[in-house]
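FYI, it's all coordinate maths here, none of it is from the lab. This is a predicted model, so every value here is computed, not measured. Note: ideal-geometry Cβ built from the backbone for every residue, glycine included; neighbour counts use all protein chains shown.
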Amino acid sequence: MAIEIQPESAQAPGGGEPRAPRSARPWWLRPAWHTALIGAVIGYLFGHLLGNFLGAGYQQVTHSNDNDMAIVLGYLFLILGWLIGLGVFNDLGRQMLGRPISHSGDEADDTSLARYFRYTLDHKVVGIQYLVGMITYFLTGGLFAMAIRTELLSPTYHVLSASQYLMVVGEHSTMMMMMMSSVVLGPFGQYFAPIMIGSKRMAFPRIEALGFWLTPAAYVILLSGVLFGGFPTGWTGYEPLSDQATSGMDAYAVAFSLMGISMILAGFNIIVTYINYRAPGMRWSRLPMFVWSMFTVSFLQVLAVPVLVAGLYLMVMDRTWQTANYVNSLGGSSYLYENLFWFFGHPEVYILALPGFGVVSEILPVFCRKPLFAYKVGAAGMFGVALLSWFVWQHHLFDSGINPDMRPLYMLTTELISIPTGFIYLVALGTFWKAKVIFSVPMLFALGMYFNFLIGGITGVFLSDVPADVTEHGSFFVMGHFHYTIMGGLIFAFFGGIYYWVPKMLGIELNERLGKIHFWTMFIFFNSTFLPMFALGLAGMPRRVFEYATNLQPLNDWASVSAFLLGGSMLIFLYNFIWSTLFWRVKAAANPWEARGLEWQVSSPPPPENFKFIPVVLSGSYDYGVKDAPPVMADLNPPVGVVAAAYAGAGLEA
Amino acid sequence: MAEESASPSGPPAERRDGLRLAIVWVVASVIGCVLVYFVWGPHLPPGAMSSSASGQQQDLAVLGTIATPVVLGVLIYFGYAVTFWRAKEGDDTDGPPIHGNTRVQLSWIVVTSTIVLALAVYGTYELIAPAGAGGGEGPQPIWKPNTSNILQVQVIAQQWAFTYRYPQYGGMETTQLVLPVNEAVQFNVTSLDVIHDFWAYQLGVKADANPGVNNVAYTTPQHTGSFTVRCDELCGLWHGAMYDYGQVMSVSGFQAWAQQTETQLAKITAALPAYALTYDPTVVPTLGKVLVQLGLTGAGGGFYNPNDPEQP
């Protein structure tokens, strides 16, 4: 393993230590993704050996010929080896030995391309790493979706075998769910969380970088499930089917919990940063909506995801050393898993929705050239959604036979969530009132998001209603519903965010014409893919089946062809993204949208430490059209009295 | 919605926007609601084959009627906004600095809350009145049909087929679900291995089949004809092929079928485990074991050898 190699790290928090010269070693001898890969391979082999030794008595785990203990330990040591190879523990080791922490990386001055492939502590590097990583996740998951739609072209003829189909369904759904929970919080959250509140850095740069570097490992582990024939449970992993499944299930459990740990780390970091690292004058009442969404989402992640990790840990115990946590006949309960999973799973759904609300609320005022309408109601809406999301999880289990007498309660709480969600629409409608709308690409995506989420949200009310849910539960209606909220909501917001913020992140404009073509193809084919699914579900087609009634073939074919075209629109995006950033390279202005957000007041891309001086925030970022509105920020030499005014009233928060 | 009717008062030009929006919205909503409830409503799934199915159909129609003005309101507003409130060429001034409007915000909150609470009350009524709306109610159902003449049918799910036992007909186990018309039915749904879900689509019945748990659902078929039964919870390899077709017959036809089948299956029934609400598939009576080994029957938990075909 590569631990002896000269390590790489950023300046110590506080930065008081003397700086050693940057390592003179060539890039291939410094810890980066390639040494991490070597570490991962060594780690897996070691863990597998250890597991075969420890688990020799447990060879016959259900119907598998593999020893699940060996697979799980292999994965765990793979993660450890991956992190050691990356050099995550180098500084820790140095501190334990009493040596000074290495400053070889001196992130602020390092502008080399190689830092994007290393354990780099700069939040702007981590943001771009996340961006590329999440797009990779998304496109891989999308390819699996293409396979699903290919199989569903015919009700009887099978392109994939039954087991291949389940493998593809499981990989698609789990990969997408893992990706969606970080798709905005990762790239934009990490990149803009400090800049939007006027900070130079995140509170815990090491935790932040660790959060990202767990995601490639989770990606590889989840995909490695294919080598074992995949897992048959979809993303929900219901017991006892997952006890019965072969070793692909271990890949699911380890990869999903690993992504969960990454989410916990990222959320924890963001909470601490927002509370402690706001610039003077950045009062709670001046926080941008995107910051509010990241803040509420982080609380959900820190509190909900541990339940998932615990649930999956119990599953791994059942599968390896043969406990019976979820086995009904041996005193366990399969209901326990359903409860644990959805107790995480429903806040998770809002972990996927809230970042989208934040992004579109950020885009809207800029291109309406108006202040955000009812700012406080919008922020309250996010809090309301986050809070209520804890009280609704049993609506996934209306027909399961758990607590039937509690169904009216869960129906009520679920329907109540549409009130704070409605606040987000109130904000949008009010902001549009007599606005001067500019149809830029980010604005188009924001509008698309409001359209799609409206359909997703209204069908959610249909699902919350128990009698209607008896027909809709577990059918393609549910598929349509959550693709409308997650893909139509979050992914549209994500692409809006890409077109809005990438000029700031990379200092390069994305082609607008291609962007518009991307939007219109994506919007049209998205709707024509997923709108028929509501009809399919109501006509009696269950989820995750490869055979369906022959009279449903025309609709299924329509959805499949639309899905292929939807996949094609992603290629337009990819072409635009790659050509704009690598070949055309049109330099972006510092503030191309004439936005008032703090992130737009610095150069594109932002300077190494974001701000030359710690900024003093003088007003909220949405005061478009307000006469004599003070500038958003001042440096440390503003006119006399301005700083004092910014502090006044901020009280202890400033 | 609240936005249009309570638009901020101002110069006449502004007032006209609100009025135009309100008129378009009201007209479109009235037409939309009439179309959804009266034209589309009677054709909504899952049809009216049973009491629970028609309850769900009614419920979907009501939800659709309430959703129509909401969806139309937002869409008309957005359509109006992008049509009339776009920035003109070369105009790079900002819009009016409206930060909020207490009256609009308050009426929005009141209107949405009222709709939501009304929906919850209506949903609860539709759930309780027709005996649990056809959903699985667990082992001790609290909402039952108002009659003592209830046909008991046990649904046994296993990978990857349903079988049905009729305790009132000697505990016979059939591979086809046959029901009499206009008689209340109690489904006792259970599983021998993993979680399945018993979904009789046209009957509007859906209940999870959990191993070791009895999950009860009620319905009353109202029309004769055939219906589809599908597994609605991912249960492994052949989940996609786990379906069959059931039949609702006239009462006399059902009686004839039941008595004939009971006699036909008497020998096999003797080899089955005694009728119970849940089963342990590892416990098979001796006679049953012999019959299964001879290949004479697969009933009683032996449809598939657990190792064949192997799980993915």
Expressed in nm to one decimal, what extension gain is obtained for the pair B:Ser107 and B:Ala274 from 0.36 nm per residue of sequence separation less their Cα-Cα distance?
-> 53.9 nm
Note to self, chain A gives a 222 nm [θ] from helices alone (DSSP H runs n ≥ 4, -39500 (n - 2.57) apiece, / all residues, nearest 500) of -19500 deg cm²/dmol
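Based on the Cα gyration tensor of the stretch A:535-622, what are the three equivalent ellipsoid semi-axes, each the root of five times an eigenvalue, rounded to whole Å and given largest first?
Details: eigenvalues 469, 79, 23 Å².
Over the Cα atoms of the stretch A:535-622, the semi-axes work out to 48, 20, 11 Å.
Given the alpha-carbon gyration tensor of the stretch B:209-274, what are the semi-axes of its equivalent ellipsoid in whole angstrom, ordered largest first, with each equal to the square root of 5 times an eigenvalue?
Details: eigenvalues 122, 81, 36 Å².
Equivalent ellipsoid of the stretch B:209-274: 25, 20, 13 Å, largest first.
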Points 7 angstrom from Cα along the Cβ direction at B:Lys267 and B:His99: gap in nanometres?
-> 8.9
Mind listing the phi-derived Karplus ³J(HN,Hα) values for the stretch A:546-555, rounded to whole Hz, using 6.51, -1.76 and 1.60 with θ = phi - 60°, and x for any glycine or proline?
-> 10, 10, 9, 4, 5, 6, 8, 5, x, 5
For the modelled label position 7 Å from the Cα of A:Glu512 along Cα-to-Cβ, which residues of the stretch B:63-89 have backbone nitrogen atoms closer than 17 Å?
-> B:86-89
For the residues A:Phe583, A:Phe204, what sequence is obtained by ranking on other C-beta atoms within 10 Å, fewest first?
-> A:Phe583, A:Phe204
Cα-based helix-to-principal-axis angle, B:251-264 vs chain B, degrees rounded to 10 | 40
Between A:Leu37 and B:Val251, with labels modelled 7 Å along Cα→Cβ, what's the label distance in nm to one decimal, could you check?
-> 7.5
Along Cα→Cβ, 7 Å out, is where each label goes; now give me the distance between the ones at B:Asn149 and A:Gln553 in nm to one decimal.
-> 4.5
Please state, to two decimals, what the Cα-based radius of gyration of the stretch A:258-413 comes to when divided by 2.2 N^0.38 Å (N = residues).
-> 1.28
Using the count of nearby Cβ atoms within 10 Å as a rough guide to exposure, how do A:Ile264, A:Ile517, A:Ile578, A:Ile491 rank from fewest to most?
-> A:Ile578, A:Ile517, A:Ile264, A:Ile491
Reduced to Cα centres, the span from the stretch A:164-224 to the stretch B:206-222 in Å works out to 40
Computed over chain B, the relative contact order (Cα-Cα under 8 Å, seq sep at least six) in percent reads 16
Give, as ranges by residue number, the residues of the stretch B:85-118 whose backbone N falls under 19 Å from the point 7 Å along Cα→Cβ of A:Phe391.
-> B:109-118
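If the convex hull of the alpha-carbon atoms of the protein assembly as shown is projected onto planes in all directions, what is the mean projected area in square nanometres?
Values: hull surface 164.1 nm².
Quarter of the Cα hull surface area: 41.0 nm².
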Taking every DSSP bridge whose two residues both lie in the protein assembly as shown, the antiparallel percent to the nearest 5 is 70
Averaged over A:225-237, number of beta-carbon atoms from partner chains that fall within 10 Å = 2
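Rounded to a whole number of µm²/s, how large is the Stokes-Einstein D of the stretch B:109-240 at 37 °C and 0.692 mPa s, given Rh as the Kirkwood radius over C-alpha pairs?
208
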Would you list which lysines come within 25 Å of A:Lys436, measuring only between C-alpha atoms, while excluding same-chain residues fewer than 8 positions from it?
-> A:Lys370, A:Lys376, A:Lys504, A:Lys516, A:Lys627, B:Lys88
Computed ³J(HN,Hα) along the stretch A:397-413: with the Karplus parameters 6.51/-1.76/1.60, θ = phi - 60°, integer Hz and x for glycine or proline, the list is 10, 4, 9, 7, x, 7, 6, x, 6, 8, 4, x, 5, 6, 5, 5, 4
